[in-house]
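Notes for the one structure printed next.
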Amino acid sequence: MMMFKKFTPILTFLKKFSNKIIFSLDKRKKLVITAFVLALGLLTVQLFAFSWHYWVIIILAALTYLLSSWSLIEGLNGVEWLTVLTLPVLFTIGIGFFYFLTPDSWLARGPIIILYGVGLYGLLLTENIFSVAAIRTIQLLRSAHAVAFLLTLVTSFFLYNVILSFRFDPWFNFLLVFSTSFPLLLQGLWCINLEEKITKKIWSYTLALSFVLGEIVLAFSFWPVSVAVGSLSLTTSLYILLGLSQHQVSERLFRRTINEYIGVGVAVLIVIFLTTHWGG
């Protein structure tokens, strides 16, 4: 928390600057502008040479953080500068890199840009609810949890798909999936209770679950599964692990809930075996 205290004067200045310069814009207009500008940024990515694509995505991710901060700055405090803004940035990175893997045609990339713009707007609305709910009770919190959970899964699918598409070494896959899953799980667990600090319990859960997902991709690296099947399997694993952990953190983990998630896991495992070509 000392890190956030050091930046308190800067954050206070940014709030005042935002209020003075663009005081006429309400929060919803800011969210629309942010989603539109970033979707336009994704659209212009294809104008750059291939060697610049990775740098452009990094710049777009940084711009996502800055514009998201500007849109939500009134409600951001302390650890929320990390937890609330994590998913929009990862959403941008995931779709940005996936964008390069699609055919170079408007028929393929047009829907992705629309999905990104609409999804980012919905995500910013959700994160706004979290930042407000951390201060006072709000009725839309349960809906926000559902939307955030869904978009976390969507983001993870794109990120996992990109990682597996490069056909890296198994241990490098482990490191990439571990480091990618960690922030996804951290924000996904923190948003349940919206505490002022990230508790030791949340850190422990995040570390353990990220390690498990890394082990899963390590196993898949030796299986003859396709990129799509592997990505879907990892996303389903995240769905099970994060879902069960969220229920545990909120103290609502019942036997029926466990059975439902186990059922999903068994069904996906059967699909993996049936769709895997074990022959030479």
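Of note:
- A single member of 69, 51 is out of contact with any His (no Cβ under 6 Å at 6 or more places or on another chain) and at pLDDT below 90, and it is 51.
- Selected residue (only one of 229, 217 is in contact with a Gly (Cβ under 8 Å, 6 or more places away or on another chain), in a helix (DSSP H, G or I) and surrounded by 14 or more Cβ atoms within 10 Å (Cβ to Cβ)): 217
- Residue among 275, 206 that alone is surrounded by fewer than 16 Cβ atoms within 10 Å (Cβ to Cβ), of a type in the set (Val, Ile, Thr) and without any contact (Cβ under 8 Å) to a residue 60 or more places away in the chain: 275
- Residue tally, condition free of Cβ contacts under 8 Å to residues at least 24 places away in the same chain, surrounded by 12 or more Cβ atoms within 10 Å (Cβ to Cβ) and not in a loop (DSSP other than H, G, I, E, B), over the stretch 92-107: 0
For (1) closer than 26 Å to residue 209 by Cβ; (2) free of Cβ contacts under 8 Å to residues at least 12 places away in the same chain; (3) touching a Gly at 6+ places or on another chain (Cβ under 9 Å); (4) part of a loop (DSSP other than H, G, I, E, B), each residue gets a yes or a no:
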| residue | (1), (2), (3), (4) |
| --- | --- |
| 90 | yes, no, no, no |
| 126 | yes, no, no, no |
| 149 | yes, no, yes, no |
| 167 | yes, yes, no, yes |
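The values are calculated or read from the model by the stated rules, or taken from the named source; none is laboratory data. Note that the structure is a prediction, hence the values are computed from the model and not measured. Using ideal geometry, Cβ is built from the backbone for each residue, glycine included, and neighbour counts are taken over all protein chains shown.
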